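So the structure is just underneath, and the comments pick up after that.
The values are calculated or read from the model by the stated rules, or taken from the named source; none is laboratory data. A quick note: this is a predicted structure, and the numbers were derived from the prediction, not measured. Reconstructed Cβ throughout: ideal geometry from the backbone, glycine too, with neighbour counts over all protein chains shown. Ligands, DNA and RNA are excluded from the accessible area calculation, which covers all protein heavy atoms including side chains. Shrake-Rupley method; radii C 1.70, N 1.55, O 1.52, S 1.80 Å.
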Amino acid sequence: MTPPAVRSAGLTKRFRSGQVAVDGIELEVPRGSVYGFLGPNGSGKTTTIRMLLGLVRPTAGRAWLLEEPMPEGGGSVLPRVGVLVEGPAFHPYLTGRANLARLDAADATADPRTTRRRSDAALERVGLAAAAAKPFRQYSLGMKQRLGLAAALLRPRDLLVLDEPTNGLDPQGTREVRHLIRELADAGTTVLVSSHLLAEIDQVCSHIGIMSQGKLLVQDERLALTERGEPTLVVRTAVDHVGTATEVLTALGLGAPVVDGPEVTASLGSVAPETATAALVGAGVPVVGLEARRPSLEQLFVTLTGEGFDVAR
Amino acid sequence: MSRAEGGSRLLRSELSLVFGRRRNITLLVGLATVPLLLGIVLFVTQDSALAGQGPGFVGRVTGNGLFLVVSSLVMCLPFLLPLTIGIASGDAIAGEAQAGTLRYLLAVPVSRTRVLVVKAVAALAFAGAAVAAIALMALLSGAVLFGLDDVTLLSGSTVPLGEGVLRIAGVAVYVGLSLTGLVAVGLFFSTLTEVPVGAMAATVVVAIVSAVLDTLPQLAAIHPGLLTHHWLDFAEFLRLEVDWGVLGEGLAVQGAWVAIFASLAWSRFTTADVTS
Ligand SMILES: Nc1ncnc2c1ncn2[C@@H]1O[C@H](COP(=O)(O)OP(=O)(O)OP(=O)(O)O)[C@@H](O)[C@H]1O
Ligand SMILES: [Mg+2]
């Protein structure tokens with residue numbers, strides 16, 4: 001098995017205020033994965049990312065990026081890592097393109113002869129080519145975010161660390177970012193992407209880690225995670241048949257049926273959805289719709305923490 | 001591609017950032033108007049009863065435009081030059097921290113030592129440019145308004161124009177080097193905060209407090225080590241026999257301030273959490 005692209009051992013940050021923002025987390029981001037780093041506001045995602053990049057010194061624990069220990073190995077490994085940390089930040093009076101040139105000039109390992117070509121390609125890729133010559137100050141929120149992504153894509157990267165990449169983007173932009181992440185992952189780039197909006201990046205992730213109050217509650221393949229939750233069956237029928245439907249489902253062994261208008265929801269347990277369908281039809285229940293649902297990540301989070309997906313402190 | 005080349009690329013980028021910024025250009029233009037205004041005032045009043053009055057070398061300007069360089073530098077030393085240094089050096093790290101660009105610079109990656117060195121060199125270059133802007137504009141205005149002549153030294157003896165220009169250039173270089181300590185102080189303050197204005201103000205305050213302490217006779221013992229104590233020692237260049245010992249001492253004091261505050265800035269910046 002290839003070693004993970006990002007790994008941490010007991011990574012902890014206690015700020016001078018005394019707050020433990022990150023509490024001994026064991027991160028493991030497999031090579032080639034799209035790792036959704038999720039958690040409510042203030043759960044410690046950005047602080048973790050800052051420690052991974054060597055911006056913040058851990059109080060305890062260690063971290064490795066592409067097998068290099070951080071922060072010592074930063075000089076050699078960071079050129080292979082594209083980053084977006086806590087929103088984009090650029091010089092307001094420089095144009096988008098000049099800002100990219102500035103970052104490229106800072107990179108001792110970048111070839112200055114290809115700066116223009118690479119920055120234009122990156123701007124093109126994030127749909128910002130038309131605004132390349134505008135000062136950053138005049139960019140809209142979404143344009144700023146896109147420039148941040150362009151900076152992360154200035155060179156071919158083995159790893160992308162994107163903190164809230166969809167922040168401020170319109171639905172179209174959010175879709176584009178998901179698409180971009182998918183595309184990069186398909187080309188072999190490992191992507192660590194954080195978000196406090198569970199649904200926003202859920203769909204592109206192959207792996208998920210969920211933070212809450214500085215702790216990494218779970219991390220696993222996304223499919224394995226969602227399979228942990230109880231599947232439910234939702235049957236839609238006519239309002240005067242919900243009674244019969246409930247009886248049939250209970251007889252089959254489905255648990256806790258809940259009636260809501262023409263819908264009956266019950267937990268599937270080990271019953272196959274097709275068995276339930278056949279039984280309902282056999283009992284003369286007119287089935288208008290039927291769906292076997294896995295719990296959403298949000299529900300999973302609630303079951304894990306017993307709380308909503310809100311700021312905890 | 002070598003590290004050195006990469007380093008100079010970043011330095012070039014930094015210099016174009018500093019010298020391309022409108023605020024900084026305005027500052028240089030503002031400084032350059034000081035000798036122009038001073039020259040015009042002296043030119044207009046030279047036939048009046050006020051002629052020959054004024055602090056420092058002002059009285060000599062109407063006789064020889066070359067002295068406008070010295071007078072202008074003397075005028076700018078107490079406040080305008082410290083303000084310029086404060087703005088350039090206080091902004092160095094704190095400005096990037098406030099804009100959030102510091103975290104991206106460090107993630108490029110650029111080592112923190114290199115960021116600090118590049119920022120220091122750019123701030124020093126700006127300090128040099130500030131002194132040069134005053135000196136060159138003074139030379140130009142002085143030449144046009146009063147003409148240039150052989151230089152009469154403090155002792156009353158006269159040296160030819162060529163040597164006079166060299167001596168005046170020496171004054172400007174000494175003034176520029178006298179500001180290096182303050183640049184280091186500003187750079188250190190700049191590593192302490194994410195609020196550039198705070199670092200700028202603190203730097204200016206240091207220069208002013210140093211000048212005030214320098215006037216208190218009770219503190220005579222510490223005067224030689226004060227940041228601003230030797231700033232006016234450039235007058236050595238206007239003596240027949242330049243006492244290099246005096247100039248050397250002034251520069252040594254600056255060197256000590258630079259060494260102390262550069263070390264402080266380095267130890268602070270290389271260990272600080274970047275949470276901006
Ligand atoms: N410089 C700091 N000093 C003290 N506490 C801090 C500092 N930075 C962050 N914190 C605290 O650490 C906790 C984690 O913050 P962090 O920014 O890592 O959260 P996050 O998961 O990225 O949240 P969000 O989704 O809002 O971006 C928060 O409670 C925050 O108040
Ligand atoms: Mg965050």
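With θ taken as phi - 60° and the coefficients 6.51, -1.76 and 1.60, list the Karplus ³J(HN,Hα) couplings across segment A:222-230 in order, rounded to whole Hz; mark glycine and proline as x.
4, 4, 4, 5, 5, 6, 5, x, 5
As an exercise, use a Förster radius of 30 Å and the Cβ-Cβ distance of A:S270 and A:D240 to find the FRET efficiency, rounded to the nearest 0.05.
Using R0 = 30 Å, I get an efficiency of 0.50.
To test your reading of the geometry: what angle, between 0 and 90 degrees and rounded to tens, separates the Cα axis of helix B:67-76 from the longest principal axis of chain B?
Rounded to the nearest ten degrees, it is 40.
Of A:L160, A:S296, A:T174, whose Cα points farthest to the positive end of the dipole of the protein assembly as shown (charges on the beta-carbon: +1 Lys, Arg; -1 Asp, Glu; origin at the Cα centre)?
A:L160
Cα-based Rg of segment B:136-263 per 2.2 N^0.38 Å, rounded to two decimals?
Cα Rg divided by the expected 2.2 N^0.38 Å: 1.26.
Test of understanding: what is the full-extension gain from B:A272 to B:R23, defined as 0.36 nm times their sequence separation minus their Cα-Cα distance?
Computed gain between B:A272 and B:R23 is 86.8 nm.
For the protein assembly as shown, what is the charge dipole size about the Cα centre, in debye to the nearest 20, if Lys and Arg each add +1 at the Cβ and Asp and Glu each add -1 at the Cβ?
With Lys and Arg at +1 and Asp and Glu at -1, about 820 debye.
For segment A:6-226, calculate the relative contact order in percent as a whole number, restricting contacts to Cα pairs under 8 Å that are 6 or more residues apart.
Relative contact order for segment A:6-226 comes out at 30 percent.
For the protein assembly as shown, report the % of Cα-Cα distances exceeding 47 Å. Kindly include the intermediate steps, with their values, before the conclusion.
Numbers: 61575 of 173166 pairs.
Of all Cα-Cα pairs in the protein assembly as shown, 36 percent lie more than 47 Å apart.
Relative to the first principal axis of the alpha-carbon coordinates of chain A, what is the inclination of helix A:115-125, with its axis defined by its Cα atoms, in degrees from 0 to 90 and to the nearest 10?
Helix A:115-125 sits at roughly 20 degrees to that axis.
If you average over every viewing direction, what projected area does the convex hull of the Cα atoms of chain A give, in nm²?
So the Cα hull casts an average projection of 19.5 nm².
Which whole-number value in Å² is the accessible area per residue of the protein assembly as shown, probe 1.4 Å?
That works out to 43 Å² per residue.
Just to be sure I understand: if you take the accessible area of chain A alone plus chain B alone and subtract the pair, with a 1.4 Å probe, what total do you get in Å², rounded to 100?
The contact between B and A buries close to 2600 Å².
Going by a 1.4 Å probe on protein heavy atoms, which residues of segment A:30-78 end up with at least 20 Å² less accessible surface in the whole assembly than in their chain alone?
A:R50, A:L55, A:V56, A:R57, A:L78
Going by alpha carbons, how many degrees (0 to 90, nearest 10) lie between the helix axis of A:141-152 and the longest principal axis of chain A?
Around 70 degrees separate the two axes.
Efficiency by 1/(1 + (r/R0)^6): what FRET value for B:V165 and B:T113, r their Cβ-Cβ distance, R0 = 41 Å, to the nearest 0.05?
The value I calculate is 0.55.
I'd like the carbon and sulfur percentage of the solvent accessible area for segment B:61-122, probe radius 1.4 Å, heavy atoms only, ligands and nucleic acids excluded.
On the way: 1000 of 1380 Å².
Exposed carbon and sulfur together represent 72 percent of the surface.
Apply 1/(1 + (r/R0)^6) to the Cβ-Cβ distance of A:R228 and A:R116, taking R0 = 60 Å, and write down the FRET efficiency to the nearest 0.05. Intermediate results must be reported in sequence, preceding the final value.
Values: r = 49 Å, r/R0 = 0.82.
FRET efficiency, A:R228 to A:R116: 0.75.
List, by residue number, every residue in segment B:100-133 with a reduction of 40 Å² or greater in accessible area between the chain on its own and the complete protein assembly, 1.4 Å probe.
Relative to the lone chain, where solvent access is computed with a 1.4 Å probe, segment B:100-133 loses at least 40 Å² at B:T101, B:R103, B:Y104, B:A107, B:V108, B:P109.
Roughly to the nearest percent, how much of the accessible area of segment B:136-276 is carbon and sulfur, given a 1.4 Å probe?
C and S atoms contribute 73 percent here.
Using DSSP to call loops (not H, G, I, E or B), can you name the trypsin sites (Lys or Arg not before Pro) in segment A:1-109 whose Cβ has at most 13 other Cβ atoms within 10 angstrom?
Sites meeting the loop and neighbour criteria: A:R16.
At a 1.4 Å probe radius, carbon and sulfur cover how many percent of the accessible area of chain A?
Numbers: 7120 of 13750 Å².
Roughly 52 percent, rounded to a whole number.
Where the centroid of each part is defined by its Cα atoms, how far is segment A:235-294 from segment B:221-251 in Å?
Answer, in whole Å: 96.
How much net charge surrounds A:P171 when only the other residues with a Cβ under 14 Å from the Cβ of A:P171 are counted, with Lys and Arg +1 and Asp and Glu -1?
Overall, the nearby charge balance is -1.
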